[in-house]
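Please read the structure below before turning to the comments.
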Amino acid sequence: MTTSIADRLRELGVELPSLPKPGGSYVPFRRHGDLLFMAGQTSSRDGKAVYSGPVQGADDIERGYAAARLCAVNMLAALKEACDGDLDRVGGCLKVNGYVLAPPTFESVPAVINGASDLLVEVFGDAGRHARTAIGVAALPRHTTVEIEATFFLKS
């Protein structure tokens, strides 16, 4: 018998937050056929930045990793809504784009975005493996540390 995604989240101690209302003329997700295009999620909770400011260097990667993981938790909450409350409908993750607030000399952006990628694999197993882009940026909404966006597909 396979473990449900809800059971897996409980095992991992991951509690999904309620989704905040979008702050502009967009929606948290858009479905096209079996594809789900997810809007960016930041390292925030209840509309407030939990992780803010740039990742400063190698000694700050752990904080950035935690920020990216929080982004993935927020993404899972939006994904759950997109699946009418049933994350077992998710067939897998295709692509993750990660953005890290960092100075131009910071070269460990991928290590930060691993926080999101690792959680997706922990939750979905091999179906959570994905193609990925990790980019350092000069600004993010509310000065948050990380933002991620992703594309998932639903089971047929």
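Starting from the exponent 0.38 and prefactor 2.2 Å, build the expected Rg for the range 93-156 from its residue count and divide its actual Cα Rg by it.
The range 93-156 yields a ratio of 1.18.
What are the DSSP H helices in the chain that stretch 20 Å or more along their long axis, judged by alpha-carbon atoms, and whose average Kyte-Doolittle hydropathy comes to at least -0.5?
61-82, 109-124
Could you pull out which residues in the range 1-32 have an amide N less than 20 Å from a spot 7 Å beyond the Cα of Asp126, following the Cα-Cβ vector?
1-5, 8
Students often forget the sequence filter, so: which aspartates and glutamates lie under 15 Å Cα-Cα from Lys48 once same-chain residues fewer than 8 apart are removed?
Glu147
Checking the cross-link filter: which lysines have an alpha carbon closer than 21 Å to that of Lys95, excluding same-chain neighbours under 8 positions apart?
Answer for Lys95, where 21 Å is the Cα cut-off: Lys80, Lys155, listed by chain and number.
Among DSSP bridges having both ends in the chain, what percentage is antiparallel? Round to the nearest 5.
DSSP beta bridges in the chain are roughly 75 percent antiparallel.
What spacing in nm lies between the two simple spin-label points modelled at Thr2 and Glu15, each 7 Å away from Cα in the Cβ direction?
Taking the simple label geometry, Thr2 and Glu15 are separated by 2.8 nm.
At R0 = 35 Å, how high is the FRET efficiency between Ser25 and Asp84 if r is their beta carbon distance? Nearest 0.05 is fine.
Given R0 = 35 Å and the Cβ-Cβ separation, E is 0.90.
Does the chain come out rounded, prolate or oblate by the C-alpha gyration tensor, with a ≥ b ≥ c the root eigenvalues, rounded set by a/c under 1.5 and, if not, prolate when a/b is larger than b/c and oblate if not?
Prolate shape, in that a/c is at least 1.5 and a/b is the bigger ratio.
Report relative contact order for the chain in percent, whole number only (criteria: Cα-Cα under 8 Å, sequence separation at least 6).
33
Given the -39500 (n - 2.57) contribution per DSSP H run of 4+ residues, what per-residue ellipticity at 222 nm results for the chain, rounded to the nearest 500 deg cm²/dmol?
Result for the chain, helices only: -9500 deg cm²/dmol.
Quick one: if you stick a label point 7 Å off each Cα along the C-beta vector at Asp118 and Leu94, how many nm between them?
Modelled inter-label distance: 2.8 nm.
Just so you know, all these numbers are worked out from the coordinates, no wet-lab data involved. Not measured: the values here are computed from a predicted model. Cβ coordinates were reconstructed from backbone atoms using ideal geometry, including for glycine residues, and neighbour counts include every protein chain displayed.
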